[in-house]
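Following: one structure in structure tokens, then a few remarks.
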Amino acid sequence: MHSVNCRGQSVTPSKIVCIGRNYVAHIEELGNEVPEDMVVFLKPNSAIGDTLYSERGEPLHYEGEIALMVEGGQFAAVGFGLDLTLRGLQSRLKGAGLPWERAKAFDGAALFSDFVALPADLDSLEVELDVDGQPRQRGSIPLMMYKPTDILQGLASFMTLEDGDIVMTGTPAGVGEVHAGEHFTGRICSQGRVLVEGNWQAV
């Protein structure tokens, strides 16, 4: 089982719960329809990796996200997450009306920074992703269609969240293809202060 670092301790999530289509601008850039309800899919523990690959049989796409860790049925910590996607395969699966797991849940499809304690003002959280020092993605809680409280309530209606589980809250606009050699820097910020940062070199 794979683990992540949370407040200086190793934590092993039982699962990663992902919220899809949570930023309107991202929905528009992919040409998707705005969903009538919260879109939810899962990544297994085995999807957690530490290497940013640029391809897995076809090019990989990056999606930077605010990742929240569960403790006692509530969100207790935050980190930066990279949701890696085989976009071509995902499009083919969606076109055929099939599930996305082959495009989203493969080994190494989820990369995380360390996790730190949540700030007092959860709505102040912002996510930033730079590639080779250039801004690629910017997002924040106010831009989400489903805020963390909505997400927690929606998930609790049909799923048990175990301590250590990670919820990836969706990606803002600016997603794109990973290229070998690029340097990715992901940050979670609050009120102009960097809470935590993750760095990866694509191979």
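The values are calculated or read from the model by the stated rules, or taken from the named source; none is laboratory data. Small disclaimer: the values here were computed from a predicted structure and weren't measured. For neighbour counting, all protein chains shown are included, and Cβ atoms are generated from backbone atoms with ideal geometry for every residue, glycine included.
Structure summary
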{"read-out": "In the stretch 105-133, residue surrounded by the most Cβ atoms within 10 Å (Cβ to Cβ) [restricted to those that are part of a loop (DSSP other than H, G, I, E, B) and under 17 Å from the mean Cα position of the chain (by Cα)]", "value": "ALA109"}
{"read-out": "Qualifying positions in the stretch 142-163 - within 13 Å of LEU68 (Cβ to Cβ) and among the hydroxyl-bearing types (Ser, Thr, Tyr)", "value": "TYR146, THR149"}
{"read-out": "Any hit, the stretch 23-35, residues being within 19 Å of ASP150 (Cβ to Cβ), part of a strand (DSSP E or B) and either in contact with a Pro (Cβ under 8 Å, 6 or more places away or on another chain) or modelled with pLDDT under 95 (or both)", "value": "yes"}
{"read-out": "Extreme residue, surrounded by the most Cβ atoms within 10 Å (Cβ to Cβ), among residues of the stretch 85-104 that are in contact with a Lys or Arg (Cβ under 8 Å, 6 or more places away or on another chain) and either more than 24 Å from GLN153 (Cβ to Cβ) or without any contact (Cβ under 8 Å) to a residue 24 or more places away in the chain (or both)", "value": "ALA103"}
{"read-out": "Residue within the stretch 56-69 that is surrounded by fewer than 18 Cβ atoms within 10 Å (Cβ to Cβ), basic (Lys, Arg) and outside any strand (DSSP E or B) present", "value": "yes"}
{"read-out": "Only one of MET144, MET168 that is closer than 23 Å to VAL11 by Cα and hydrophobic (A, V, I, L, M, F, W, C)", "value": "MET168"}
